[in-house]
Each structure stands twice: as structure tokens, then as C-alpha cells.
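Accompanying notes for the structure given below.
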């Protein structure tokens, strides 16, 4: 309950200045997010390998693992996508998504908090400590 309250408080803080979203727009975004989930499921390994190659991590050893997971955004964002996460193999295996809380501070400062999560449900998650985000994959909508 404490985690839910903290998430709710952060979400309200970051979205306080966000414009209202119509139900049709919300439905469209849910469909697009589902599409990203399918893309990540189908091509996540190839995307992960590509990111490792361009960041010169290919063959860098096995002291850490990487994986591509979807972003679940809460706030005023107009992007959907995925992220590459990095950490120990067991923590990377536990991570199912990254929650992105975003908003603006004082009208000119964009704030995005990226939280590795053990669930794709933003209302039922546990933060996975020890996992970081190493790359972003954005798709304009």
C-alpha cells in the first residue's frame, strides 16, 4: 500500500499541469502501447543486440546483462517506446517494464523519472533496485 501511495503521489505531482486526456485518446494510446509490447516481445533481442553493438558493449564480458523492455508512461508524454536496462542477470530477468513518470516543473523544466518495475501493471509493481536504464528507444505518435 505504501508503494501504491508513493506512486500515486508522484503521478499526481508530475501530471498536475498535464492537459486532460479524452477517453478516445486514452484508448488509442493503450492500443499503441500494446503494439509496442508486441514489438518488444518479437524484436527485443535484436534491438538489444543492436544497442550493445552501437555502445561497444558487444563481447564486453558477462559481469552484467542487458534486456529491452517497454516503457509505461504516466504523465504528459507523447512518446511510446522501450528502454534497454542493465544489471545483474537475476535482476534483469525480474524486470518486466520501466515506469516513466513525467511532467514539467515551473513550465520550462522537463522531468522524467525512470523506475525499473517487476510488473507491466503500474498499480501493482515493485521497484527493481540495482537495474539501470542504458538506452531509450522512442517512437513518435
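Values for this structure:
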| quantity | calculated |
| --- | --- |
| Among the candidates 5, 73, residue that is at pLDDT below 90, closer than 18 Å to residue 127 by Cβ and in a strand (DSSP E or B) | 73 |
| Every pair of residues 6+ apart whose Cβ atoms lie under 9 Å, when the first sits in the range 83-94 and is on the phi < 0 side of the Ramachandran plot and surrounded by 17 or more Cβ atoms within 10 Å (Cβ to Cβ) while the second is assigned to a helix (DSSP H, G or I) and modelled with pLDDT of 95 or more | 85/91; 85/92; 86/92 |
| Considering residues of the range 53-70 that are modelled with pLDDT of 75 or more and touching a helix residue (DSSP H, G or I) at 6+ places or on another chain (Cβ under 7 Å) only, the residue surrounded by the fewest Cβ atoms within 10 Å (Cβ to Cβ) | 65 |
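The values are calculated or read from the model by the stated rules, or taken from the named source; none is laboratory data. If you're wondering where the values come from, they're calculated on a predicted model, not measured in any experiment. Please note: Cβ atoms are built from the backbone with ideal geometry, for glycine as well, and neighbour counts cover all protein chains shown.
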